[in-house]
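The values are calculated or read from the model by the stated rules, or taken from the named source; none is laboratory data. Note that this is a predicted model, so its numbers are computed, not measured. Neighbour counts are summed over all protein chains in view; Cβ atoms, including those assigned to glycine, are modelled from backbone coordinates with ideal geometry.
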Amino acid sequence: MTEPIAPNPHSPYADADPEARHLLPSPIFFPEARPGVLAVAACLRMAVVPEEPLRDVNGLPDGVFPPGMCNACIEAFYAESRGERYRDDRPPTVCSECGSRTRHDGLCALCRQEKHDAWWPTRGEQPGGDPLAYGPTGIPCGCGKDAHSNLVPCQPDPAGEQPAVDARPYTDADLRAEAVRQLSAHGPGITPEQSYSAMLDAHIASTRDEDSGPTWSEALSAPELAAPADAVHALIKGAADVADWGVRLGADELTPSNEHVITINAGVRPFARLHFAFAPGMDEEMRTALVKGVGGTIDDALAEVDEEDVDEPGDSDSDVFDLISTIAGRLQDATDSGEYHAVCLIADLANGRTTVAEARTELADIEFGHV
């Protein structure tokens with residue numbers, strides 16, 4: 001008779017069945033399964049990677065799994081082999097740590113991983129007990145389980161049944177939106193495994209309607225999710241560090257705008273991009289005038305670079321841009337009517353209605369209010 005296989009190692013932050021051994025889908029590991037890591041199992045719950053080498057079960061006939069295996073993992077394995085998608089039927093809740101939507105009993109997969117990573121090195125020092133205990137200390141809710149963890153009870157799914165989705169129900173914009181979400185919530189140090197876990201219960205941005213629409217794990221199987229998770233992590237890893245800009249904008253009480261951006265392309269790729277931030281009280285008309293003024297000046301300057309007769313008399317590009325920079329520097333925290341006069345100067349410069357010398361004289365007479 002086949003010996004029962006030992007369960008996965010214990011962790012208070014694992015939510016997979018602690019009495020069973022779980023299948024660990026290889027695509028979630030980048031590039032390999034590390035012992036002691038809290039990972040997403042085939043049953044879409046969290047289990048600890050064991051110390052002993054993992055065995056490949058692909059290609060094995062039915063009935064080969066030893067006693068002690070998680071039945072839900074086996075069901076998911078055979079569903080994938082038939083080209084079907086295994087669904088996690090647990091009702092969603094809200095993560096008590098980060099507030100994200102999750103099916104992991106009140107603590108999302110990523111927060112579980114972060115807490116597990118902090119707990120794992122100290123596991124031998126713990127007096128015992130489980131902060132996420134089930135059973136008598138859990139919360140019964142009538143969902144069929146004895147009790148949920150002591151974080152939050154199970155909640156009904158407000159979205160109801162989710163419609164079937166296409167094989168690739170996401171766009172490049174969705175990948176960028178997910179990277180922004182993860183970077184904002186968890187910082188640039190997130191690991192590939194954590195990126196994968198963070199996507200499980202997150203909505204796909206382009207298909208979300210308020211709090212409904214499919215999550216990544218509802219739209220994609222475990223192997224299918226590996227590619228977008230890898231792409232999201234690559235976007236996070238390659239993200240520019242704009243922390244200094246963000247702090248300065250906040251200190252000046254300026255709000256970045258996603259609607260006002262000037263991108264200068266060279267072929268198929270941009271070589272420069274201007275982002276704008278405005279004082280909260282600046283109206284839309286003035287914002288548009290400022291952006292158009294700067295954009296017009298850039299267009300004129302770039303057009304002059306392409307002209308063959310570069311010796312034609314007039315203001316140099318450097319003089320124009322130096323003055324634009326001076327005006328913008330004084331304008332960034334101005335709050336009174338002086339800013340309107342300054343915008344007019346930018347527009348006049350951009351359209352050739354004034355010279356650099358005339359604009360400098362006029363700028364000297366403008367009074368800016370500051371806070």
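Remarks
- Options 75, 3: the member that is surrounded by fewer than 15 Cβ atoms within 10 Å (Cβ to Cβ) and modelled with pLDDT of 80 or more: 75
- Positions within region 48-59 being in contact with a Leu (Cβ under 7 Å, 6 or more places away or on another chain) and at pLDDT 90 or above, in sequence order: 48, 49
- Considering only residues in region 222-236 that are out of contact with any Leu (no Cβ under 6 Å at 6 or more places or on another chain) and surrounded by fewer than 20 Cβ atoms within 10 Å (Cβ to Cβ), the one that is modelled with the lowest pLDDT turns out to be 223.
- Any chance residue 96 is of a type outside the set (Val, Ile, Thr) and in contact with a Gly (Cβ under 6 Å, 6 or more places away or on another chain): yes
- Each residue in region 84-115 was checked for being at pLDDT 80 or above and more than 24 Å from residue 221 (Cβ to Cβ), and 5 of them qualify.
- Checking the stated criteria, residue 270 turns out to be modelled with pLDDT under 85 and touching a Ser or Thr at 6+ places or on another chain (Cβ under 8 Å).
- Residue within region 27-42 that is in contact with a His (Cβ under 8 Å, 6 or more places away or on another chain), at pLDDT below 80 and under 30 Å from residue 205 (Cβ atoms) present: yes
- Within region 244-287, considering residues that are touching a residue at least 12 places away in the same chain (Cβ under 8 Å) and assigned to a helix (DSSP H, G or I), the one farthest from residue 303 (Cα to Cα): 249
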